[in-house]
1. Charges on Cβ only, +1 for Lys and Arg, -1 for Asp and Glu, centred on the Cα centroid of region 19-92; of Leu80, Cys47, Leu35, which one is farthest towards the dipole's positive end?
2. Return the loop-located chymotrypsin sites (Phe, Trp or Tyr not before Pro) in region 29-84 (DSSP other than H, G, I, E, B) with at most 14 other Cβ atoms within 10 Å of their own Cβ; answer none if there are none.
3. Give me the one-decimal nm value for the distance between modelled label points at Ser86 and Ala63, 7 Å along each residue's Cα-to-Cβ direction.
4. Within region 65-83, whose backbone N sits under 17 Å from a point 7 Å along Cα→Cβ of Asn31?
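A short reminder: the numbers here are calculations on the coordinates, not readings from a lab. Model, not experiment: these values are computed from the prediction. Please note: Cβ atoms are built from the backbone with ideal geometry, for glycine as well, and neighbour counts cover all protein chains shown.
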Amino acid sequence: MRNVVATIFLLGFALPAQAQCYADYKAKRDNPLRLHYGVVEVTDQLCSRPARLESSVRDRVSAGGWTLLNIVSVFDAEGLEQRRESAGEFFLRF
């Protein structure tokens, strides 16, 4: 029994790790006009599918009352810190 548990445990670590993927975007609100730049974490599968990525980000920011204007770029964890200050309160908010 211990061998079975140990094998299952080790297989969990052997599965490929998901790479971190992020998108930065621009969004707006009307009346009065407000704009913001933000960063969201997205799944690895969305990073390789631009139409689904845009739809996912649109849904997430619209839940906060914003309208997605565009996806600026898609990047990995290396580009995250350099965007933190620019995104401000919208850094990983949605």
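1. The listed residue farthest towards the positive side: Leu35.
2. Details: sites: Tyr37, Trp66, Phe75; in loops: Trp66.
Sites meeting the loop and neighbour criteria: none at all.
3. With each label placed 7 Å out from Cα toward Cβ, I get 2.5 nm.
4. Taking a point 7 Å out along Cα→Cβ of Asn31, the residues of region 65-83 whose backbone N falls under 17 Å are 65-67.
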